[in-house]
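Take a look at the structure set out below.
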Amino acid sequence: MKQFVAWARVSSVKQKKEGFSLEDQEARLLEFAGRLGGTVAKLYRIAETASKRAERGTFRELVAYVKKHAAMLDGVLFVKVDRAARNIRDWADLEELAEQTKVPLFFTDQPS
């Protein structure tokens, strides 16, 4: 069975109302992993109440986890690009991570 890492992030209360609560994202990520023939091995969740420092720390944990377990991972799952990265630096880090580890990035709500 395929193994995925998933990332759910909410940065405002408004997003909860728009269907992007952590619970909504988690459900979409788990369902998507199933459609790809796998399961979520590790799920990272960041709420809008997290400080920028805490959020950045968790992002670094995700990157370190993917690097360490790349051989057993089939992808990193996100709902949308704007949920994956809070700025261009994060996006560049994710692209570099995918390139270095050969672990692809998947977005449940965006065409590939």
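The values are calculated or read from the model by the stated rules, or taken from the named source; none is laboratory data. Small disclaimer: the values here were computed from a predicted structure and weren't measured. Every residue, glycine among them, receives a Cβ derived from its backbone with ideal geometry; neighbour counts consider all protein chains shown. Surface accessibility is based on the protein's heavy atoms, side chains included, excluding ligands, DNA and RNA. Shrake-Rupley method; radii C 1.70, N 1.55, O 1.52, S 1.80 Å.
If residue 86 satisfies all but one of (1) modelled with pLDDT of 95 or more; (2) surrounded by 13 or more Cβ atoms within 10 Å (Cβ to Cβ); (3) more than 10 Å from the chain's Cα centre (by Cα), what's the number of the condition it fails?
Single failed check for residue 86: (1).
Go through (1) open to solvent by 80 Å² or more (accessible area, probe 1.4 Å); (2) at pLDDT below 90 for residue 102 and report which single condition fails.
Every listed condition holds for residue 102 apart from (2).
Each row is one residue, and each column tells you yes or no for (1) β-branched (Val, Ile, Thr); (2) in contact with a helix residue (DSSP H, G or I) (Cβ under 9 Å, 6 or more places away or on another chain).
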| site | (1), (2) |
| --- | --- |
| 38 | no, no |
| 46 | yes, yes |
| 55 | no, no |
| 64 | no, no |
| 70 | no, yes |
| 76 | yes, yes |
| 80 | no, yes |
| 86 | no, yes |
| 89 | no, no |
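It is to be established whether one or more residues within the stretch 95-103 are over 19 Å from residue 29 (Cβ atoms), under 13 Å from the mean Cα position of the chain (by Cα) and not small (Gly, Ala, Ser).
Looking for residues that are over 19 Å from residue 29 (Cβ atoms), under 13 Å from the mean Cα position of the chain (by Cα) and not small (Gly, Ala, Ser), one finds at least one in the stretch 95-103, hence yes.
Could you count how many residues in the stretch 26-72 are closer than 15 Å to residue 3 by Cα, assigned to a helix (DSSP H, G or I) and open to solvent by 50 Å² or more (accessible area, probe 1.4 Å)? Walk me through it before giving the result.
Quick first cut of the stretch 26-72, residues closer than 15 Å to residue 3 by Cα only: 29-44, 62, 65-72.
Those left that are additionally assigned to a helix (DSSP H, G or I): 29-35, 62, 65-72.
Those still in the list that are open to solvent by 50 Å² or more (accessible area, probe 1.4 Å) too: 30-31, 35, 67-68, 71-72.
Going through the stretch 26-72 one residue at a time, the tally reaches 7.
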